[in-house]
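What follows is a short report on a single structure.
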């Protein structure tokens, strides 16, 4: 418990200079979280240059956004960040509603918050489970998936899908909560909170895990801001910034929650362990938000009045709407000229920006740590390539 | 015997025990070989998109693909029998998939998982660089539709593939249907990294580094 | 701090020449002449009262020509619009900057040296819309293969039939007669 690791002296490895080696990692690689390809130039064990090559999952998101109607595009948003489909739905629907000037009923807002926060927990569980897997710890993966399956069961109950929900619709949500659904969430939260401690025992304070993540891949606050990092990665570098508090959307200004930041408990501020730890703490905060939402949820309608789903038309205009995805700031910039189809729909994907920092932080690290660094910034390739 | 049990590995072994004196030697050998192959399908760790998450869920605690002998995910195609293509394949990825398929040892099987690999899925109309169905360049044994397919559907696909393998003829004479894809070739594409050495070297190193 | 106040601050600091306020039905934006973009961006980042230190998004849009239905006058000329969204974490402000470019020769100076986050966004804009960012350290396609033809997000883009021997067309569901 509570092992701390001293920073590696930078000049310790200077003497082992050898011939430069080019290593190709991906696109089929168990630790790249999808089809990321990174070309790495290494000098002995030390990375001298890294160049990510993306586009192996480019699925024409923005062309589709200007080819199908607003209503039809909601299912596509599921498939970009497929680990947090609810949050993606929410971002797109908020952007369209901002253009169309729709008023959302109270109950729908609360259901939206509950499902988004549940999905945030599921996404962080996945990030933590696979991060352990990347570093050679197989067991936490199974425990994380056990909890995640419970969340998926709850979400499947309300919308019928396990992964790509299409539940948050323009103007509200797809359907009202089934009988017993809200009580079941309370039961799940009571079950889940002690499990967070279990995860800490399994992985967080594990000596090997701490050794492989503390002081590795340090992103200074200046670098993080410069490269446009948002979400847990920015908070891991010590910046208290969360769009749910700093630019509140939906009804997030009604809830009390803390914004955890990395403080360098095991090593330096902004290392891999800090980014991991922020995710663990955020799950606890999401539990707090869900509990408050469950207490406050009113009865009423779940769909705004006057939304004609077969012929939904937007007013002309352009707007940028950002939401706090589990991975960072997810933004939709829509240009509408009136009518059913966007003129331009641009997606600001957090993972895309996070990935560009690899070129900056990989050089100088050990080659074996490259996997730890790529895993710690938690990318989803569907979102990177769109 | 119902359709579902037909050619199932365990059922075939049961029949083998019952009818052993009446069967020819090659027939017995065929059954035993097929039983071995179908009961230890090692899939390749090859997640592309959303379907990969469901593929991981099948391997994880609740669904446990190991019950069907197919849980040993291999990180390299050289040790794998089954390629589960889990996710949308686009023009840039297609040559990688083809190359991975070529690197797998015989006998090899391909499962096209999800609507995208079956026929383009949601991207069939406006996806300008999505390959509409991987059967355009690799032979597919099982198609598992769904977007993404539920874990139960993947398990069903595995069981379907097992029955298909049991029906193959290894030593005995006769035809089993194998699609001919010898004429299809995929030339290597260019990549973003402008280093001649990396572009000519195989694009897919397959050793796990972690 | 809204867009109007930012424009006033720019005018006060003496870098506001030629910058106009775009007021659409929703989000406002600052329209900047293409040759003055880098100077304005440097000021936006470094001035203590502004401190726009994070580049959020770079968008390229192909704007088609719009004519008035009755008078047949061109109300919007054809061209390419590049929109930068930058955020000030200190002042909690977000501003959109617009640059109008011609369709024949869309060129604008790169801001990747000011905000490194813009590096990949500019590459993607080049990849999808074909805007050339002058002074960009590594301007090449990022999502599509290097030998891809055309820019997909232009409105007149035609979908390719095949790429390097792989058909990109949909198989007909039954054999055609």
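None of the figures in this text is laboratory data; all of them are computed from the coordinates on show. These numbers were taken from a predicted model, which means no experiment stands behind them. Every residue, glycine among them, receives a Cβ derived from its backbone with ideal geometry; neighbour counts consider all protein chains shown.
Between the helical axis of A:106-134 and the longest alpha-carbon principal axis of chain A there is an angle of about 20 degrees. Any idea what angle helix A:85-100 forms with the longest principal axis of chain A, computed on alpha-carbon atoms, 0 to 90 degrees, nearest 10? Its long axis makes an angle of about 50 degrees. Here region A:234-258 and region A:201-219 have alpha carbon centers that stand 26 Å from each other.
Can you sort B:89, C:129 by how many other beta carbons sit within 10 Å, fewest first?
Details: B:89 29, C:129 23.
So the residues, fewest neighbours to most, are C:129, B:89.
For the protein assembly as shown, the share of DSSP beta bridges that are antiparallel, to the nearest 5, is 80%.
On alpha-carbon atoms, Rg over Rh for region B:99-147 using Kirkwood Rh? Don't skip to the end; give the middle numbers.
Values: Rg = 11.6 Å, Rh = 11.4 Å.
Result: Rg/Rh = 1.02.
Can I get the semi-axes of region A:104-240's equivalent ellipsoid? Compute them from the C-alpha gyration tensor as square roots of 5 times the eigenvalues, in angstrom, largest first.
Details: eigenvalues 197, 88, 29 Å².
In descending order, the three semi-axes are 31, 21, 12 Å.
Extending 7 Å from Cα along the Cβ direction at residue A:220 and again at residue B:11 yields two label points whose distance is 6.8 nm.
Of the residues A:293, A:144, A:39, which exhibits the maximal mean-square fluctuation in a Gaussian network model of chain A defined by a 10 Å Cα contact cut-off? With Cα springs under 10 Å in chain A, the top fluctuation among A:293, A:144, A:39 is at A:39. In plain terms, the residue of A:57, B:20 with the fewest other Cβ atoms within 10 Å comes first and the most crowded comes last, giving B:20, A:57. For residue C:147 and residue C:46, what does the FRET efficiency come to when R0 = 41 Å and r is the distance between their Cβ atoms, rounded to the nearest 0.05? That gives a FRET efficiency of 0.55.
Fewest first, what order do A:106, A:179 take by the number of other Cβ atoms within 10 Å?
Working: A:106 16, A:179 7.
Starting with the residue having the fewest Cβ neighbours, the order is A:179, A:106.
Using Stokes-Einstein with the Kirkwood hydrodynamic radius over Cα pairs, what translational diffusion coefficient do you get for region C:3-158 at 25 °C and a viscosity of 0.890 mPa s, in µm²/s rounded to a whole number? It comes out at roughly 149 µm²/s.
Cα centroid separation, region A:116-132 to region A:278-355: 19 Å.
Computed on region A:71-221, with alpha-carbon pairs under 8 angstrom and 6+ residues apart, the relative contact order is 27 percent. Volume of the convex hull of the protein assembly as shown (Cα atoms only), normalised per residue: 195 Å³.
Rounded to the nearest 500, the 222 nm mean residue ellipticity of chain C from helices alone is -5500 deg cm²/dmol, with -39,500 (n - 2.57) taken per DSSP H run of at least 4 residues.
Apply 1/(1 + (r/R0)^6) to the Cβ-Cβ distance of residue C:5 and residue A:340, taking R0 = 35 Å, and write down the FRET efficiency to the nearest 0.05. Could the numbers behind the result be given before it?
Numbers: r = 36 Å, r/R0 = 1.02.
It comes to 0.50.
Along its first, second and third principal axes, ordered by size, region A:57-343 spans 58, 45, 34 Å in Cα coordinates. On the basis of the beta-carbon distance and an R0 of 41 Å, residue A:256 and residue C:69 show a calculated FRET efficiency of 0.15.
Each part reduced to its alpha carbon centroid, region C:76-131 and region B:122-147 end up 34 Å apart.
First check a/c for region B:45-101, with a ≥ b ≥ c the square roots of the eigenvalues of its C-alpha gyration tensor; if it is under 1.5, answer rounded, and if not, answer prolate when a/b is larger than b/c or oblate otherwise.
Details: a/c = 3.35, a/b = 1.52, b/c = 2.21.
It is oblate, given that a/c is not under 1.5 and a/b is not larger than b/c.
Mind running the shape call on region A:240-360? Use the C-alpha gyration tensor, a ≥ b ≥ c as the square roots of the eigenvalues: rounded below 1.5 for a/c, prolate if a/b tops b/c, oblate otherwise. Taking the square roots of the gyration eigenvalues as a ≥ b ≥ c, region A:240-360 is oblate.
How many Å³ per residue does the convex hull of the Cα positions in region A:7-154 occupy?
Values: hull volume 26.8 nm³, N = 148.
Hull volume over Cα atoms, normalised by residue count, gives 181 Å³.
If you average the sequence gap of Cα pairs under 8 Å that are 6 or more apart and divide by the length of chain A, what percent do you get for the contact order?
Details: 767 pairs, mean separation 102.9, N = 386.
This gives 27 percent for chain A.
Label separation (residue A:360 vs residue A:288): 2.9 nm, computed from points 7 Å beyond Cα along the C-beta direction.
Calculated [222 nm] ellipticity per residue, helices only, for chain A: -13500 deg cm²/dmol; basis is -39500 (n - 2.57) per DSSP H run with n ≥ 4, divided by all residues, nearest 500.
To the nearest ten degrees, helix A:272-296 and the longest principal axis of the Cα atoms of chain A are 20 degrees apart.
Remark: spin-label model distance residue A:299-residue A:315 equals 3.4 nm, labels positioned 7 Å along the Cα→Cβ axis.
Given springs between every Cα pair under 10 Å in a Gaussian network model of chain A, which of A:122, A:316, A:214 has the largest fluctuation? Result for chain A, Cα springs under 10 Å: A:316 fluctuates most.
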